[in-house]
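These notes concern the structure reproduced below.
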Amino acid sequence: CDGNFTDSSGLILSPHHPGYYPPLIRCRWLITVSLGRTIKLRFLEFQLQDHPSCHNDYLEVYDGDTSQTLLGRYCGQRFPEFLQSSSNVMEIIFVSDEKVTRAGMKLYYTSEKGK
C-alpha cells in the first residue's frame, strides 16, 4: 500500500477501499510535484476507527520530506476540509492496529502554483 505520486493530481485510497482496510498495516505515500508548486490534499471519504487521541488507527500528513512538519493526525470521522503543503512534497502515513477496521479513506490531491 506504499506509493510515490509525481503527477500533478491523483487519488490515494486505503487498501481495499471502499471495503474495510486490513488490520496491522502501515502505508506510506509520498507526493512530489514540480518545484515551485504546493500540494492541496482534500478528504473525499474518511472513516477510521475512532479514539480520542487517534492512538489506534490513524492518518498522519506531513509537510515536506526531510525537515517534516506534522500537519495533523486524524481518525474516526474527524478531518479537515483540506490540507495545504508549503513545499512541493507531502508525505502521508496510514496505520491500523490489530483490532477494529473501517471503510478507510479516499483522498484527492492537486498541485497549485506556490505563493
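The values are calculated or read from the model by the stated rules, or taken from the named source; none is laboratory data. The shown structure was predicted, so the numbers you read here are calculated from the model rather than taken from an experiment. When we count neighbours, we look across all protein chains shown, and the Cβ atoms used for this are built from the backbone with ideal geometry, even at glycine. In case anyone asks, the SASA skips ligands and DNA or RNA and just uses the protein heavy atoms, side chains included. Shrake-Rupley method; radii C 1.70, N 1.55, O 1.52, S 1.80 Å.
Tabulated values for the structure
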item	result
Cα lying deepest toward the dipole's positive end in the chain, options SER53, SER86, SER14, charges on Cβ	SER86
Per residue, the convex hull volume that the Cα atoms of the chain enclose (Å³)	92
Fully extended contour minus Cα-Cα distance, from GLU98 to GLU112, at 0.36 nm per residue	1.3 nm
Test item: Cα-centred dipole of region 56-115, Lys/Arg +1 and Asp/Glu -1 on Cβ, debye	220
Order by protection proxy (mean Cβ within 10 Å, highest first), peptides 88-97, 40-49, 18-27, 106-115	88-97, 40-49, 106-115, 18-27
Cα centroid of region 6-26 to Cα centroid of region 28-46, whole Å	14
Nearby lysines by direct alpha-carbon distance to LYS40 (threshold 16 angstrom, same-chain neighbours under 8 apart not counted)	LYS106, LYS113, LYS115
Accessible surface of the chain, 1.4 Å probe, proportion on carbon and sulfur as whole %	50
